[in-house]
Protein chains: 2
Amino acid sequence: MPELTEAESLRQSLIAEKHAQATRLLQDQGVDCWLTFQREGSDVLLPYVLGVDELVSQSALMIFADGSSVAIVMDYDATVVESLFDEVHAYRSSWREPLQTVLRERNPARIAINYDMYDDGIDGLTHGQYLLLHQALAEIGFADRLESASPITSLVRQIKTPAEVERMRRACEITVHLFDDVTGILKPGMTEFDIYEYLHDQMKAYNVRASWDPAYCPGVMSSKRESGHTPPTRTPLEPGDGLRVDLGVIAEGYASDLMRTWYLAKPGETQPPAEFQRAFDTVRDAIQIAADTLRPGVSGTEVDSAARTYIERAGFEYFHATGHQVGTRAHDGGLLLGPDNVRYGQRSRGTVQEGMTFTLEPVFGPIGLEENVVVNAEGCTYLVPPQREIWVV
Amino acid sequence: MPELTEAESLRQSLIAEKHAQATRLLQDQGVDCWLTFQREGSDVLLPYVLGVDELVSQSALMIFADGSSVAIVMDYDATVVESLFDEVHAYRSSWREPLQTVLRERNPARIAINYDMYDDGIDGLTHGQYLLLHQALAEIGFADRLESASPITSLVRQIKTPAEVERMRRACEITVHLFDDVTGILKPGMTEFDIYEYLHDQMKAYNVRASWDPAYCPGVMSSKRESGHTPPTRTPLEPGDGLRVDLGVIAEGYASDLMRTWYLAKPGETQPPAEFQRAFDTVRDAIQIAADTLRPGVSGTEVDSAARTYIERAGFEYFHATGHQVGTRAHDGGLLLGPDNVRYGQRSRGTVQEGMTFTLEPVFGPIGLEENVVVNAEGCTYLVPPQREIWVV
């Protein structure tokens with residue numbers, strides 16, 4: 001056995017927490033087996049089953065309601081799973097017979113697999129893999145035992161264990177350092193592209209990567225531009241411009257997703273123009289209203305509605321959801337804090353639970369402000385202190 | 001429109017090449033429409049349709065046999081697709097009606113979608129997305145027009161256009177620089193972990209990322225250790241040890257996957273021990289034999305067999321395939337240069353075509369040697385010069 005690095009040891013304890021959580025959920029749902037069937041890291045749920053997204057071979061990773069776990073992997077992948085699963089079958093030629101043997105012996109009546117029509121965060125099984133698994137199970141008369149694992153995986157993904165919350169907090173802290181770095185260098189004449197490149201350099205120095213496509217992370221936009229997914233421009237910033245930066249980083253596998261707002265003062269100016277200030281204050285207060293509403297038992301639409309109503313009464317509007325979950329990715333699926341409309345479907349109808357982590361971002365026009373919170377027993381806690389005032393440079 | 005960066009302009013010309021290639025393949029196959037249906041960058045084929053893997057909204061990207069193309073995306077994603085598709089429908093609430101309208105109007109008899117039971121590189125559609133799409137097409141009586149896009153996507157992925165080959169060559173060149181950097185610092189007393197960390201630092205400096213899970217890329221293994229996916233150890237290297245490094249980088253979206261071998265000489269030694277040298281020479285010559293065999297029209301098994309027979313006659317053996325394709329990922333699916341057995345299925349039965357790019361890696365025991373080649377009209381070309389001698393330090 002190779003020596004355990006600290007990172008490897010942290011991975012093992014985090015995965016032990018997640019397997020224990022999955023076992024409880026299987027028992028709650030009366031499901032006998034949660035089966036992740038993947039190759040080449042294809043399943044988005046792999047970080048929760050295994051903690052790494054690199055498992056090359058065709059693999060079947062099973063967690064049973066009695067708390068036991070079985071991994072079927074090709075021989076060269078055995079070391080990746082051996083410390084995390086009770087039983088490892090390392091095959092050289094075919095996964096099919098060992099999988100059929102394990103399932104025949106344990107005879108699970110309900111086998112949950114990773115697909116979901118609406119939530120990409122738990123829709124990990126590809127259609128080709130589904131056909132392959134279905135064929136193998138049909139051969140032993142088990143094909144009709146397959147069902148969607150959504151009731152289990154949805155909560156495995158959404159409810160963070162203590163080790164996961166600590167990783168997310170760390171990602172947020174690094175993001176705040178990066179925002180401070182921007183404050184240190186920001187001045188008129190710089191372009192959005194300059195700041196974008198500077199942040200990429202700093203992210204390398206901090207040993208973190210972007211939470212979404214690095215072509216769009218960070219999003220750097222002057223107040224002259226509308227919102228949207230557009231690359232940074234090379235137009236110099238001028239005194240009198242606002243600036244918003246949308247930035248998330250992944251540190252040790254967990255993501256942040258924050259936005260901050262600056263204002264470049266004109267000579268003699270000590271504060272931003274009244275209308276810019278009023279827009280910022282409205283967003284800031286809407287975020288606090290959302291945070292005050294967010295607690296176990298409320299629905300996603302209630303939180304959305306609290307923030308949206310406040311924004312609209314102030315004469316502004318926004319069309320996206322008030323917040324989404326963050327986890328191993330910036331957009332982490334699951335319960336949304338959004339309206340109940342055709343665009344978002346029913347994703348906001350569910351109820352908030354302790355351990356969920358959300359963004360709060362009821363933003364519009366020139367204002368970039370987005371906070372990350374974790375739901376606790378009575379309400380929610382900011383992972384890092386929220387921005388309360390525009391940063392004037 | 002934001003100013004086009006050079007990277008953006010290169011992306012547009014590469015994607016234009018890929019769309020033209022897809023159109024020819026649709027015509028060859030008599031298929032009317034290739035439909036990529038995805039959300040949140042979920043489809044592995046997105047780099048070929050779009051060149052970026054960040055398209056957040058539920059999207060339908062269609063290429064038709066007449067050469068026209070249509071994208072249906074949510075409004076905020078419109079800028080990502082507008083320069084690449086002839087027709088863009090930006091929706092605010094639902095993708096369903098615009099998709100149904102476009103399909104009804106164009107009335108394609110055969111609609112190819114991205115799933116495959118055996119090749120993960122073209123198995124991009126998730127099972128949940130399949131169910132969602134099937135439901136939407138059933139509403140307009142089109143569900144039975146769906147079929148696997150494998151005959152098209154398999155070649156879109158495997159046959160590289162000139163712009164793609166240039167990007168892969170660049171990734172290989174950077175990898176060679178990184179190997180040279182290792183030669184510059186390697187000495188007894190260093191650990192595998194030291195070299196692993198050093199290469200991560202250098203990869204950051206070169207602005208490239210690992211081609212596979214950075215926990216295992218680079219793979220750094222002393223000759224004392226068996227092959228396999230194991231993390232680097234902290235045991236110091238000693239004079240008399242061999243060292244192999246398995247390293248791939250992604251630069252501008254395209255990957256390399258190379259291996260090199262060093263030997264740490266004992267005092268007074270000018271060359272490695274005879275047995276180590278013989279093992280290296282055997283692999284080196286087997287690679288050249290594979291390269292001499294590799295040309296349009298041969299099967300993957302023929303190339304594998306040529307190298308494997310040579311290795312076995314020399315008294316060695318290896319259990320993996322002789323080579324796999326490289327592209328936007330290190331393990332890129334498609335035709336394999338491997339044996340025709342249960343482990344690899346029928347993946348090596350197809351025939352080699354011009355424009356395919358392979359690794360050649362008939363390695364065993366303490367030797368790390370892996371080259372990357374592109375198939376041309378008569379044979380194949382190394383993307384960078386192969387290693388011919390053990391690097392002694």
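The values are calculated or read from the model by the stated rules, or taken from the named source; none is laboratory data. These numbers come from a predicted model, not from an experiment. A quick note on method: Cβ atoms are made from the backbone with ideal geometry, for glycine too, and the neighbour counts reach across all protein chains shown.
Any residue in region A:97-113 that is under 22 Å from A:Leu45 (Cα atoms) sitting within a Cβ distance under 6 Å of a residue that is assigned to a helix (DSSP H, G or I)? List the pairs, counting only those 6 or more apart or interchain.
A:Ile111/A:Arg145; A:Ala112/A:Ile152
Any idea how many residues of region A:50-82 are in contact with a helix residue (DSSP H, G or I) (Cβ under 9 Å, 6 or more places away or on another chain), modelled with pLDDT under 90 and among the hydroxyl-bearing types (Ser, Thr, Tyr)?
Initially, region A:50-82 is screened for residues in contact with a helix residue (DSSP H, G or I) (Cβ under 9 Å, 6 or more places away or on another chain), giving A:50-73.
From what is left, the residues that are modelled with pLDDT under 90 are A:51-57.
From what is left, the residues that are among the hydroxyl-bearing types (Ser, Thr, Tyr) are A:57.
So the answer is 1.
Report yes if some residue within region A:257-264 is surrounded by fewer than 20 Cβ atoms within 10 Å (Cβ to Cβ) and assigned by TED's automatic domain parsing to the domain that holds A:Glu354; otherwise report no. Steps first, please.
So in region A:257-264, the residues surrounded by fewer than 20 Cβ atoms within 10 Å (Cβ to Cβ) come out as none.
No: zero hits.
For region A:116-154, name all the residues that are aliphatic (A, V, I, L, M), in a helix (DSSP H, G or I) and at the interface with chain B (Cβ under 7 Å from one of its Cβ atoms).
Taking region A:116-154 first, the residues aliphatic (A, V, I, L, M) are A:117, A:122, A:125, A:131-133, A:136-138, A:140, A:143, A:146, A:149, A:152.
Applying the additional criterion that residues be in a helix (DSSP H, G or I) yields A:122, A:131-133, A:136-138, A:143, A:152.
Scanning region A:116-154 gives A:Leu131, A:Leu132.
With the condition being β-branched (Val, Ile, Thr), I'd like the strands (runs of 3 or more DSSP E) fully within region A:347-393 carrying at least 2 qualifying residues. Before you say what the answer is, go through the steps one by one.
On the way: elements: A:357-360, A:371-375, A:380-382.
Ranges flagged: A:357-360, A:371-375.
Identify, by number, the condition in (1) more than 14 Å from chain A (Cβ to nearest Cβ); (2) modelled with pLDDT of 95 or more that B:Glu166 doesn't meet.
Single failed check for B:Glu166: (2).
Looking only at region B:290-308, which residues are in a helix (DSSP H, G or I) and crowded, with 19+ Cβ neighbours inside 10 Å?
Residues of region B:290-308 that are in a helix (DSSP H, G or I), as a first pass: B:290-293, B:300-308.
Of everything in region B:290-308, those that are in a helix (DSSP H, G or I) and crowded, with 19+ Cβ neighbours inside 10 Å turn out to be B:Ala290, B:Ala291, B:Thr293, B:Gly300, B:Thr301, B:Val303, B:Asp304, B:Ser305, B:Ala306, B:Ala307, B:Arg308.
Here is a check on your reading of the model: is B:Ala163 surrounded by fewer than 20 Cβ atoms within 10 Å (Cβ to Cβ), assigned to a helix (DSSP H, G or I) and either of a type in the set (Gly, Ala, Ser) or under 22 Å from the mean Cα position of the chain (by Cα) (or both)? Quick ask: steps written out before the conclusion?
Numbers: surrounded by fewer than 20 Cβ atoms within 10 Å (Cβ to Cβ): yes; assigned to a helix (DSSP H, G or I): yes; either of a type in the set (Gly, Ala, Ser) or under 22 Å from the mean Cα position of the chain (by Cα) (or both): yes.
It is true that B:Ala163 is surrounded by fewer than 20 Cβ atoms within 10 Å (Cβ to Cβ), assigned to a helix (DSSP H, G or I) and either of a type in the set (Gly, Ala, Ser) or under 22 Å from the mean Cα position of the chain (by Cα) (or both).
Scan region B:192-212 and tell me whether some residue there is surrounded by fewer than 20 Cβ atoms within 10 Å (Cβ to Cβ), in contact with a Ser or Thr (Cβ under 9 Å, 6 or more places away or on another chain), assigned to a helix (DSSP H, G or I) and free of Cβ contacts under 8 Å to residues at least 60 places away in the same chain. Steps first, answer last, please.
Taking region B:192-212 as the starting set, the residues that turn out to be surrounded by fewer than 20 Cβ atoms within 10 Å (Cβ to Cβ) are B:193-194, B:197-198, B:200-202, B:204-207, B:209.
Those left that are additionally in contact with a Ser or Thr (Cβ under 9 Å, 6 or more places away or on another chain): B:193.
Adding the requirement that they be assigned to a helix (DSSP H, G or I) leaves B:193.
Now restrict to residues that are free of Cβ contacts under 8 Å to residues at least 60 places away in the same chain: B:193.
The answer is yes, given that some residue of region B:192-212 is surrounded by fewer than 20 Cβ atoms within 10 Å (Cβ to Cβ), in contact with a Ser or Thr (Cβ under 9 Å, 6 or more places away or on another chain), assigned to a helix (DSSP H, G or I) and free of Cβ contacts under 8 Å to residues at least 60 places away in the same chain.
Identify all residues within region B:257-285 that are out of contact with any Leu (no Cβ under 8 Å at 6 or more places or on another chain) and assigned to a helix (DSSP H, G or I); write none if there are none.
Listed by number, the residues that qualify are B:Ala274, B:Glu275, B:Phe276, B:Gln277, B:Arg278, B:Ala279, B:Asp281, B:Thr282, B:Asp285.
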